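In what follows, a single structure is set out as structure tokens and then discussed.
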Amino acid sequence: MDHHATTPVLPEVLDAMLPFLKEDFGNASSTTHLYGKRASDAVEAARRHVADLFSASPSEIVFTSGATESDNLAIRGAARAARAKGDHIVTCAIEHEAVLETCHELESEGFRVTRLPVDRHGWVDPESVLRALTPRTILVSIHAANNEIGTIEPIADIGRIARERGLLFHTDAAQAAGRIPLDVEAMSVDLLAMSAHKMYGPKGVGALYVRKRTPLEAQVHGGGQEKKRRSGTLNVPGIVGLGKAAEVAMRDMTGESARLAALRDDLWRRISSSIEGVTMNGHPVHRLPNNLNVTVKHAEGEAMLMALRDAAALSTGSACASGAMRGSYVLRALGVAEDDAHSALRFGLGRSNTAEQIETIAGRLQRAVARLRALSPFHEGAEARGGATRVV
Amino acid sequence: MSSSYADYGEIVLDHYENPRNVGEFEQPDAVALVGNPACGDQMKMSLRIRDGVVEEARFKAFGCGAAIAASSMTTTLIRGMKLEDLEKITNRTVAEALGGLPPAKLHCSVLAEEAIREALADYRRRAPGRLAAPDRSRVPMGPGSTDQTGAERK
Ligand code: FES
């Protein structure tokens, strides 16, 4: 149930990849011979499938090593290419590090970055984007959906604002791609980053959608592959896997998303009815169909994970390593109290999850929480005072 | 979103799942409530002391699996122990009794050590003169005490 972190490769994706690891090992750039031609045909077929997922055209797809590289290429590449026009970038506080770190690095090159706050549901108000714009703004980067709390951002509205002012709009769609419909035209997106391994494809491959005529400075130089936007010998088996994953995602999205949303809602219903003091983090409506993020008061996150360890792989809102809390900046940006961040659990449902599993997990969690609360000096203190404040 | 419980050994898992001596006393001879401000974990230790010996020890804890296991292990270690020997227990003693802790989790056993120190101090406060002056030399937290704040795409 940690499908936000990664997903397993589907059998049909693996089957599609295998020939390109065995007999069809050609270099997609060497189209003078048969091996190369086969490889390049397969790459182009994959390009079409990826493009279809976003209603884009194949020539607008650049293959990369994953969403992290795609985000880097999009933000740094677009910012540097537009340097003459301006130096201001607008993003939000709960973006993935691939976006936040790249923006941070651009600041050292003299760019200015506005990191918009989000509301308590993790939602970026399009109005706040509008207010943040200056005559020097060149790029807006807001993710399509958040990986921790599942909130889906109003990117069509934000895209419209950017387009009306002639600004580039980038979206990190690593979590959203293949899970919710994304249409780069309808959403006025100029750059969109995605990874194969978040949608049942292989790791180490992804793509960046680049709208035609978008100025973009290459970040990886060399053989001039991918129309000089990203050099490097193409990862043919990976790209074929990505293409297949995109094709399958497109085919199954409606049914699978509805199935996962129903399971997720069932999980929430079971948890919230059997355990006292649980709250949902993230947007109540605009959220990924497979995401549930909860705070369970007076039960520590890692201890809960441990109790569920053979029933489900999950992750917590924060874990403590060596006495230093790795707090979740996402939960903090929502205004979740520090104490409650220690008690957050994230469920990322996926293809392998079933109704029986949901039942098992809800039951296990209920027992674990009861046990942990019985152990906890906080809970007892909170009960005694009839409040939730912590005993120090 | 990360966790580090995957490296726990059998003893840790056992004490996490079946914690020993949970609870407290109506009239304890010593109580300590200590916390790790960095991770928010807390441990409460209550002792019943007779003739300079820990007759019984109980705990309550809010924290990760290692913190719970360390608290539980500590209560078993110190039962029947003379108060002067209590001073010698360090987080290393606790971690070793648990069959070791992953480096990132060593600090959780420090909570147990601190609880013992605090409980002793509390005992002295309650009954001045019953115990010799404390040994103030502190044991360092060990290699697990450095910050590890890496972030991964998850
Ligand atoms: S994680 Fe902080 S005490 Fe265990």
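Answer yes if at least one residue in segment A:220-239 is of a type in the set (Ser, Thr, Tyr) and either at pLDDT below 95 or open to solvent by less than 10 Å² (accessible area, probe 1.4 Å) (or both), and no otherwise. Checked against the condition, which is being of a type in the set (Ser, Thr, Tyr) and either at pLDDT below 95 or open to solvent by less than 10 Å² (accessible area, probe 1.4 Å) (or both), segment A:220-239 yields at least one hit. Condition first: basic (Lys, Arg) and touching a residue at least 24 places away in the same chain (Cβ under 8 Å). Can you find one or more residues in segment A:254-261 that meet it? Scanning segment A:254-261 turns up no residue that is basic (Lys, Arg) and touching a residue at least 24 places away in the same chain (Cβ under 8 Å). Just wondering, is there one or more residues in segment A:111-125 that are outside any loop (DSSP other than H, G, I, E, B) and touching a residue at least 40 places away in the same chain (Cβ under 8 Å)? No, segment A:111-125 contains no residue that is outside any loop (DSSP other than H, G, I, E, B) and touching a residue at least 40 places away in the same chain (Cβ under 8 Å). Looking only at residues in segment B:75-93 that are out of contact with any Pro (no Cβ under 8 Å at 6 or more places or on another chain) and acidic (Asp, Glu), the one that is farthest from the ligand (Cβ to nearest atom) is B:Glu84. Does segment A:132-140 contain at least one residue that is open to solvent by 20 Å² or more (accessible area, probe 1.4 Å), in a helix (DSSP H, G or I) and of a type in the set (S, T, N, Q)? For segment A:132-140, residues open to solvent by 20 Å² or more (accessible area, probe 1.4 Å), in a helix (DSSP H, G or I) and of a type in the set (S, T, N, Q): absent. Within segment A:5-30, the set of residues being modelled with pLDDT of 80 or more and of a type in the set (Ser, Thr, Tyr) comprises A:Thr6, A:Thr7. Taking segment A:54-71 as the range and being assigned to a loop (DSSP other than H, G, I, E, B), open to solvent by less than 30 Å² (accessible area, probe 1.4 Å) and within 14 Å of another protein chain (Cβ to nearest Cβ) as the test, only A:Gly66 passes.
Reported count of residues in segment B:18-59, each being within 16 Å of the ligand (Cβ to nearest atom), open to solvent by 30 Å² or more (accessible area, probe 1.4 Å) and either over 30 Å from A:Ile94 (Cα atoms) or modelled with pLDDT of 95 or more (or both), is 3. Of all residues in segment B:60-74, those satisfying the criterion of being within 17 Å of A:Arg373 (Cβ to Cβ) and more than 8 Å from the ligand (Cβ to nearest atom) are B:Lys60, B:Ala61, B:Phe62, B:Ile68, B:Ser71, B:Ser72.
In the set A:Leu334, A:Leu314, which member is at pLDDT 70 or above, in contact with a Leu (Cβ under 6 Å, 6 or more places away or on another chain), open to solvent by 10 Å² or more (accessible area, probe 1.4 Å) and more than 8 Å from chain B (Cβ to nearest Cβ)? On inspection, the qualifying residue turns out to be A:Leu314.
A:Arg160 - would you say it is assigned to a loop (DSSP other than H, G, I, E, B) and open to solvent by 10 Å² or more (accessible area, probe 1.4 Å)? Considered against the rule, which asks whether it is assigned to a loop (DSSP other than H, G, I, E, B) and open to solvent by 10 Å² or more (accessible area, probe 1.4 Å), A:Arg160 comes out as no. Here is a check on your reading of the model: is B:Gly100 at pLDDT below 95, farther than 23 Å from B:Lys60 by Cβ, within 16 Å of the ligand (Cβ to nearest atom) and surrounded by fewer than 17 Cβ atoms within 10 Å (Cβ to Cβ)? Judged against the criteria, B:Gly100 is a match. Beta carbons closer than 7 Å, at least 6 apart along the sequence or on distinct chains, pair a first residue in segment B:5-16 that is facing chain A (nearest Cβ under 10 Å) with a second that is among the charged types (D, E, K, R) and surrounded by 15 or more Cβ atoms within 10 Å (Cβ to Cβ) for B:Tyr5/A:Glu302. Only one of these is open to solvent by 50 Å² or more (accessible area, probe 1.4 Å), outside any loop (DSSP other than H, G, I, E, B), within 14 Å of another protein chain (Cβ to nearest Cβ) and at pLDDT 95 or above: A:Glu44, A:Glu101, A:Glu107. Name it. Within the list A:Glu44, A:Glu101, A:Glu107, the selection yields A:Glu101.
The residues of segment A:111-131 that are surrounded by fewer than 22 Cβ atoms within 10 Å (Cβ to Cβ) and under 9 Å from A:Val90 (Cα atoms), listed by number, are A:Arg112, A:Val113, A:Thr114, A:Arg115, A:Leu116.
This table checks each residue for (1) open to solvent by less than 20 Å² (accessible area, probe 1.4 Å); (2) outside any helix (DSSP H, G or I); (3) closer than 27 Å to A:Arg346 by Cβ; (4) touching a Ser or Thr at 6+ places or on another chain (Cβ under 6 Å).
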{"position": "A:His49", "(1), (2), (3), (4)": "no, no, no, no"}
{"position": "A:Asp52", "(1), (2), (3), (4)": "no, no, no, no"}
{"position": "A:Leu73", "(1), (2), (3), (4)": "yes, no, no, no"}
{"position": "A:Arg83", "(1), (2), (3), (4)": "no, yes, no, no"}
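Rundown of residues vs (1) modelled with pLDDT of 95 or more; (2) over 15 Å from the mean Cα position of the chain (by Cα); (3) under 18 Å from A:Arg80 (Cα atoms), yes/no style:
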| site | (1), (2), (3) |
| --- | --- |
| A:Arg131 | yes, yes, no |
| A:Glu153 | yes, no, no |
| A:Ile161 | yes, yes, no |
| A:Glu164 | yes, yes, no |
| A:Ser188 | yes, yes, no |
| A:Lys198 | no, no, no |
| A:Gly201 | no, no, no |
| A:Gly206 | yes, no, no |
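You will find that of A:Ile155, A:Ile94, the residue that is touching a residue at least 12 places away in the same chain (Cβ under 8 Å) and more than 14 Å from chain B (Cβ to nearest Cβ) is A:Ile155 and no other.
Considering only residues of segment B:105-117 that are within 12 Å of the ligand (Cβ to nearest atom), farther than 13 Å from B:Ser72 by Cβ and buried (at least 24 other Cβ atoms within 10 Å of the Cβ), which is modelled with the highest pLDDT? Among those that are within 12 Å of the ligand (Cβ to nearest atom), farther than 13 Å from B:Ser72 by Cβ and buried (at least 24 other Cβ atoms within 10 Å of the Cβ), it is B:Val110.
The values are calculated or read from the model by the stated rules, or taken from the named source; none is laboratory data. In this text the structure is predicted, and so the values were computed from the model without any measurement. Backbone-built Cβ (ideal geometry, glycine too); neighbour counts: all protein chains shown. What goes into the accessible areas is simple: the full protein's heavy atoms, side chains included, and nothing from ligands, DNA or RNA. Shrake-Rupley method; radii C 1.70, N 1.55, O 1.52, S 1.80 Å.
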